Each structure stands twice: as structure tokens, then as C-alpha cells.
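Colleague: Here it is: the structure, laid out below.
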Amino acid sequence: RKSVSNIQSSGINAEYGVASATLGAAALNLPINLITLIPLCENMPSGCATKPGDVVTAMNGKTIQVDNTDAEGRLILADALTYADTFEPSHVVDMATLTGAMAVALGGECVGTYSTCESLWSALEKGGYISGDRLWRMPLFKEYGDLLKSRTADINNISSGPYGGSITAAKFLQNFVKCKSWAHLDIAGVMDSTASFSYLPKGMSGRPTRSIIEALKLLSINK
């Protein structure tokens, strides 16, 4: 639950920015079969809103104990990732302004990236070098997933501890991905312009659209 003081138009614009990044890549007609999915839902309080402790069932049948109602974006992203697998893709890449923990960890200088595939990570990393908008790989160790155990459901939507929030969020999402080549970009730290990127106007930055485009070009060559 967000207090009124935390609901700002700039934050909403950041969510628009993620969708714009996927649409921008799709509009370029690169020589690659690209499917873009943008999960959207209304997020407002009401008498039937999700409450702490509720258990919901995801598209893949897994049950989720919702102990943090502010960790709501990962719930619809989980279903989007499950749906993506129905297309039997070669690669799956998701982007989300998912956690403040990522902004704390890396600031605004690079995009925190999680990946289960070396070749996909290589394309993303090289795309970042080409564009100048860098990506940094983060760990997906099993131990972080253990922090999401629940007594009443298959998985909890929030970690049992206060640390490593971005990593545990990525481990949560991993439960809904079957594709062997998956990458998750937590772009919370780069959604707003920083002094290091002076060529960008103030406000929402649109990052890492250019890096994604360069990575897609590389993947289209090596497909």
C-alpha cells in the first residue's frame, strides 16, 4: 500500500517508459521474430483489493502468498512470463522498474541484469557497450530463492529477509520461466536521467532501449 505522498506522476511515467522501450524495439522491424508483451492492470485500493496474507494462483498453477502488496508488479509479470513461454521462444527478456533495492545497489550508472544464458547475456552486455548504456550482471544463486519459501503457498512474493531485494525478486520471476535463455532487467535505477547521461533530457530516460536494440541486432545476426 502506497501513501498519497509516494504516488507521483513521475513514477507512473517510469512505468510508461518500460512499455515504450519494448514498443520502440518492435517498431524497428529488425530481421528477428520479435513478440512484445506488456502486462497491464489497474492498481488502486478498494474493498476487494489484495490484502497481506492473501494467496493467489498464477497462470502456471503455482500459488503465491502475497505478504507485501507493494510487490504487485511481479505478480502480473509472472503471468506474462508464463504466457511468453507458450510461444516456445528462443530467448525471453523482461524489463521492469521492479525494486528500489536495485537503485540502491547500482545507482543510475548501469542496468542490473540477471540471466540464465551465457550467449544472451553476451549479446546484452555487448549491446550496452555499443550504446554506451551499460548493463551489469547480477547473481541468481539458489540460496536467494530459499528466502521466498512460504508455509501456505508454493512461493512468497517477498523475501523473508531485508537484504538482496532485487535478487530475490529475480528469483521469484524465475519460477515462472521455462525458456532456458532468459534475462531479467531491473531498470529501477536507470529510469530517471542522471548527470552522467547529460545528452538525455530531465525526467524519464527511456533507458535501456538503445542497449536492447543493439542486443537484438546481435541476436538477429547469430540466430
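Colleague: Taking Met44, is it modelled with pLDDT under 95 and either assigned to a helix (DSSP H, G or I) or within 13 Å of the chain's Cα centre (by Cα) (or both)? First the steps, then the outcome.
Modeller: Details: modelled with pLDDT under 95: yes; either assigned to a helix (DSSP H, G or I) or within 13 Å of the chain's Cα centre (by Cα) (or both): no.
Criteria not met by Met44.
Colleague: Tell me which of these Phe141 doesn't satisfy, since it passes every other one: (1) over 23 Å from Lys51 (Cα atoms); (2) aromatic (Phe, Trp, Tyr); (3) within 17 Å of the chain's Cα centre (by Cα).
Modeller: Tallying (1) over 23 Å from Lys51 (Cα atoms); (2) aromatic (Phe, Trp, Tyr); (3) within 17 Å of the chain's Cα centre (by Cα), Phe141 fails exactly one: (3).
Colleague: Looking only at region 152-163, how many residues end up being farther than 13 Å from Thr63 by Cα and either surrounded by fewer than 20 Cβ atoms within 10 Å (Cβ to Cβ) or in contact with a Gly (Cβ under 6 Å, 6 or more places away or on another chain) (or both)? Give the derivation first.
Modeller: Step one: of region 152-163, the residues farther than 13 Å from Thr63 by Cα are 158-163.
Right, trim to either surrounded by fewer than 20 Cβ atoms within 10 Å (Cβ to Cβ) or in contact with a Gly (Cβ under 6 Å, 6 or more places away or on another chain) (or both) and you get 160-163.
The number of residues fulfilling the criteria is 4.
Colleague: Based on what the data block shows, is Asn33 more than 20 Å from the chain's Cα centre (by Cα), open to solvent by 70 Å² or more (accessible area, probe 1.4 Å) and modelled with pLDDT of 80 or more?
Modeller: Values: more than 20 Å from the chain's Cα centre (by Cα): yes; open to solvent by 70 Å² or more (accessible area, probe 1.4 Å): yes; modelled with pLDDT of 80 or more: yes.
When the stated conditions are applied, Asn33 passes them.
Colleague: Kindly provide the set of residues from region 47-67 that are within 20 Å of Ala80 (Cβ to Cβ) and in a loop (DSSP other than H, G, I, E, B), ordered by number.
Modeller: Across region 47-67, the qualifying residues are Thr50, Ala58, Met59, Asn60, Gly61, Lys62.
Colleague: Can you find a residue in region 201-210 that is polar (S, T, N, Q), at pLDDT below 95 and either closer than 20 Å to Ser115 by Cα or open to solvent by less than 10 Å² (accessible area, probe 1.4 Å) (or both)?
Modeller: yes
Colleague: Right, here's the next one. Is it the case that Gly100 is surrounded by 16 or more Cβ atoms within 10 Å (Cβ to Cβ), under 14 Å from the mean Cα position of the chain (by Cα) and closer than 20 Å to Arg207 by Cβ? It would help to see each step written out before you state the result.
Modeller: Details: surrounded by 16 or more Cβ atoms within 10 Å (Cβ to Cβ): no; under 14 Å from the mean Cα position of the chain (by Cα): yes; closer than 20 Å to Arg207 by Cβ: yes.
No; evaluated as a whole, the condition is false for this residue.
Colleague: Which members of region 62-80 meet the condition of being among the hydrophobic types (A, V, I, L, M, F, W, C) and within 20 Å of Ala101 (Cβ to Cβ)?
Modeller: Initial filter on region 62-80 (among the hydrophobic types (A, V, I, L, M, F, W, C)): 64, 66, 71, 75-78, 80.
Result: Ile64, Val66, Ala71, Leu75, Ile76, Leu77, Ala78.
The values are calculated or read from the model by the stated rules, or taken from the named source; none is laboratory data. Worth saying up front: this structure is predicted, and the values here are computed from it rather than measured. Counting neighbours? That spans all protein chains shown, and the Cβs are built from the backbone with ideal geometry, glycine included. Heads up: the accessible areas ignore ligands, DNA and RNA and are worked out on the full protein's heavy atoms, side chains in. Shrake-Rupley method; radii C 1.70, N 1.55, O 1.52, S 1.80 Å.
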